[in-house]
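Down below is the structure, laid out as structure tokens.
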Amino acid sequence: MYKWLIALLGVTLSMPVAMAENIYVPPAFSVDRMYFGGGFSYNTLSRSGLDYDSTTGYQLMMGYDLGMRIDKLRVLVEAGYDNAGDYEDKVAGIDESVRGPWVSGGIAYEAVPKLDLYAHVGVDSGDENGARFGGGVGYWVTRYFGVRGGLVVHGDIDALQVNFLYQP
């Protein structure tokens, strides 16, 4: 009985090592993995019973590639500030502004060289408190400059975004 348990424990502990041949975890923090960006968004606010106009906004962000690799998959963390614009419901006479900070974790998959598919999930702590999630496509024009576009959903807002990125 004990021999089977010891054998099972040995096999279980060796499995991550056997499966981890394509996993890379970096040794320490590196400024080379930081990136900064900003961009524009087209936002739609949907609240029950209200008819808001869509509006434009902007966002500022910074991110960090944790350096963990599983084949072509990278792990990221990001934080930023969204200003999703000023909304007006002309029928009900209600004006609303939606803005605030956010933080998220995500993944980026290098589909082809310089082209990433990405997804993220996080928390919005501004006027639209709660979960946020999204995804899209990013393209690194050079080693230092990239552009990405995608859809972000946070609270009652759906945002189509275009961001410009700089990685030192």
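The values are calculated or read from the model by the stated rules, or taken from the named source; none is laboratory data. Note that this is a predicted model, so its numbers are computed, not measured. Cβ placement follows ideal geometry from the backbone for every residue including glycine, while neighbour counts extend to all protein chains displayed. Keep in mind that these areas ignore ligands, DNA and RNA; they rest on the heavy atoms of the full protein, side chains included. Shrake-Rupley method; radii C 1.70, N 1.55, O 1.52, S 1.80 Å.
Remark: region 22-126 carries 55 Å² of accessible area per residue (probe radius 1.4 Å; ligands, DNA and RNA excluded). Rounded to the nearest 10 square angstrom, Tyr42 shows an accessible area of 120 square angstrom against a 1.4 Å probe. Taking the 1.4 Å solvent-accessible surface of region 34-168 as the whole, the part contributed by carbon and sulfur is 65%. Relative protection proxy for 25-35, 135-145, from highest mean packing down: 135-145, 25-35 (other beta-carbon atoms within 10 angstrom).
Dipole size of region 104-149 about its Cα centre, with +1 on Lys/Arg Cβ and -1 on Asp/Glu Cβ: approximately 280 debye, rounded to the nearest 20.
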